[in-house]
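Report on the following structure.
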Amino acid sequence: MRDPYEVLGVAKGAGAADIKSAFRRMAKKLHPDANKQDPKAAGKFAELNAAYEILGDDEKRKAFDRGEIDAEGKPRFQGFAGAGAHPGGFSREGFETFNWGSDGFQRRGSRAGAGGFGGFEDILKDMFGGRGGGRGARGGAGVHFEPEDFGGAGRGQDISADLTITLPEAVKGGSKRLRLSNGKELDVKIPAGMTDGQTIRLKGQGLPGPGAAAGDLLIRISIAPHPIFKADGVDLRLDLPVTLYEAVFGGKVRVPTLDGAVELSIPPGTNSGRIFRLKGKGISSKQGKGDLFATVRIMLPERRDKELEELMRKWRDGKPYNPREDME
């Protein structure tokens, strides 16, 4: 932790009003809600809070200037017997420290009565939460920020992230590793039946607020393209290739599904583009189970066939027809 005077940008001889003014100016500049693209913003703001926690309190500032506590508010001398038990002695009671780490913004220690952290809260409340009929501290520890100031609402900042999953993961659920923009990694549990565009909310995994609970992490789900299926909400769609003779004579063809292939009866004279519905073969979700829609695509042989061409030539010359006459 840097020297609190350096963090606030004030001289050691600065008065209380100058320190308060410096904190107000820096708080607006460094608040995470005003620096959403800076992954280090939360750490900088936590450092600013810790600096003002010391310099904004007269007793703590004097203790720091005398070398009794460090920049984090921790006692420099912990081994002297009776420290804090005599008049003029030093006690850890009444000092709080602030840390920013993997668990976010945390406060440790105890308050120092009326002259403790309340001064810091009062300034933030006056800066951002003084409007709207006393919607200031929350539960004695949090600070309310009006939405027009930083977008907060009495707690930390919500953050968002995108996560791409496979179609089988969306259908069956599972776990996926997600790396956030600040470098933090976490395992995300994917519920079964997710659809493209849905959001997973992880409470308490967002940015912390000053003295308040952390916000949430909102994860927007995207389903990666599948080589066969296309998700359409809870329904699935696929193109079903059939041969020319299957379309003419009809027959049973195997259709892939997420649960394994099933047989579908194709009636004689099936045209390309006809859609068959396989009920219950889509995605299972809270809203129910979707269907699978198979669209017929008539496929000719990959290689040219002289016999087929001769047959089609005779057909064309002997029995011509125009499937586009209704379009003219």
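No lab work stands behind these numbers, since they all come straight from the coordinates. As the structure is a computational prediction, the values presented were derived from the model and not from experiment. Positions of Cβ are generated from backbone atoms using ideal geometry, with glycine treated the same way; all protein chains shown enter the neighbour counts.
Enumerate by residue number the GluC sites (Glu not before Pro) in segment 211-318 meeting two conditions: DSSP loop (anything except H, G, I, E, B), and at most 11 other Cβ atoms within 10 Å of the site's Cβ.
E302
Can you tell me the order of 39-52, 19-32 when each peptide is scored by its average per-residue count of other Cβ atoms within 10 angstrom, highest first?
With the highest mean Cβ count within 10 Å placed first, the list reads 39-52, 19-32.
What FRET efficiency comes out for S175 versus N271 if R0 is 41 angstrom and r is the Cβ-Cβ distance? Round to the nearest 0.05.
Values: r = 45 Å, r/R0 = 1.09.
Step by step, r from the Cβ atoms, then E = 0.40.
Can you tell me which of 167-175, 318-326 comes out highest on packing, and rank the rest after it, using the mean Cβ neighbours within 10 Å?
With the highest mean Cβ count within 10 Å placed first, the list reads 167-175, 318-326.
Once the other residues with Cβ under 14 Å from the Cβ of L308 are scored (Lys, Arg +1; Asp, Glu -1), what is the net sum?
Neighbour charge sum, excluding L308 itself: +1.
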